[in-house]
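Input: a single structure, listed below in structure tokens.
The values are calculated or read from the model by the stated rules, or taken from the named source; none is laboratory data. No experiment lies behind these values; they were computed from the predicted model shown. Note: ideal-geometry Cβ built from the backbone for every residue, glycine included; neighbour counts use all protein chains shown.
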Amino acid sequence: MILSKFILPLFLVMCFAQWFVTGRMVFQHEDVLKTGTAFSFKTAPIDPNDPFRGKYVYLNYDFTELVADSIQLWHQGDKVFVTIKKNNEGFAIPDKIHKEAPVSEINYVLATINFVSNDGSKKMGILYPFDRFYVEEFVAPMAEKVYVESQIDSTNTSFALVKIKKGQAVIEDVFINDTSIIQIVKERMNKEVINK
């Protein structure tokens, strides 16, 4: 009898907590898209033998290495904060690496150290937390095909437009030669329908 008095309130608290957490994640995602700083992360070719992964396009990036003052502090697999800046071509590059979130910066992401060189160059590689561009399920296979084709042709320039704000990062779109991959996919799908 006493237990039954607590079941409904506990259930309601659990439901509220789930809604709150989900709502907070959606709010943070939308806040980053609206108020974050836009950076163009130049993409790099992916392994052509890597199979299609589902409802998203897998992205690999150029400019993922930086030189540290000292590599003694860093180890493969460490979670780190990486400040981002733009190079002369306007693409995002890692600037500095930090153990703690930088107080005076807002353009940083939480990343993972991929490797630390042991050849004296003090280079280290980082893995960005945004390597998947999610698309609608029926668009995904064509988007993956378009992206892979663009990586094969070295005259193409592709990049992910990523909004960054205080460690959060959201991919807004993927572009091939300044055209949205979604627009390219829709045009190809329309041509296929017309040609049938």
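For segment 132-140, does any single residue satisfy the condition of being at pLDDT 90 or above and more than 16 Å from Tyr58 (Cβ to Cβ)? For segment 132-140, residues at pLDDT 90 or above and more than 16 Å from Tyr58 (Cβ to Cβ): absent. Every condition in (1) surrounded by 12 or more Cβ atoms within 10 Å (Cβ to Cβ); (2) more than 13 Å from the chain's Cα centre (by Cα); (3) of a type in the set (A, V, I, L, M) holds for Ile194 except the one numbered (1). Scanning segment 14-46 for residues that are surrounded by 15 or more Cβ atoms within 10 Å (Cβ to Cβ), at pLDDT 70 or above and either under 22 Å from Glu65 (Cβ atoms) or of a type in the set (S, T, N, Q) (or both) yields a count of 5. When Val57, Val80 are checked against the criterion of being modelled with pLDDT of 80 or more, in a strand (DSSP E or B), in contact with a helix residue (DSSP H, G or I) (Cβ under 7 Å, 6 or more places away or on another chain) and not acidic (Asp, Glu), Val57 stands alone in meeting it. For segment 104-159, the candidate set comprises residues that are part of a loop (DSSP other than H, G, I, E, B) and of a type in the set (Gly, Ala, Ser); within that set, the residue that is farthest from Lys34 (Cα to Cα) is Gly120.
Can Ala101 be described as among the small types (Gly, Ala, Ser), touching a strand residue (DSSP E or B) at 6+ places or on another chain (Cβ under 7 Å), surrounded by fewer than 14 Cβ atoms within 10 Å (Cβ to Cβ) and more than 20 Å from Asp178 (Cα to Cα)? So Ala101 passes the test.
Of the candidates Val174, Val170, Val185, Val162, the single residue that is part of a helix (DSSP H, G or I) and either in contact (Cβ under 8 Å) with a residue 24 or more places away in the chain or surrounded by fewer than 11 Cβ atoms within 10 Å (Cβ to Cβ) (or both) is Val185.
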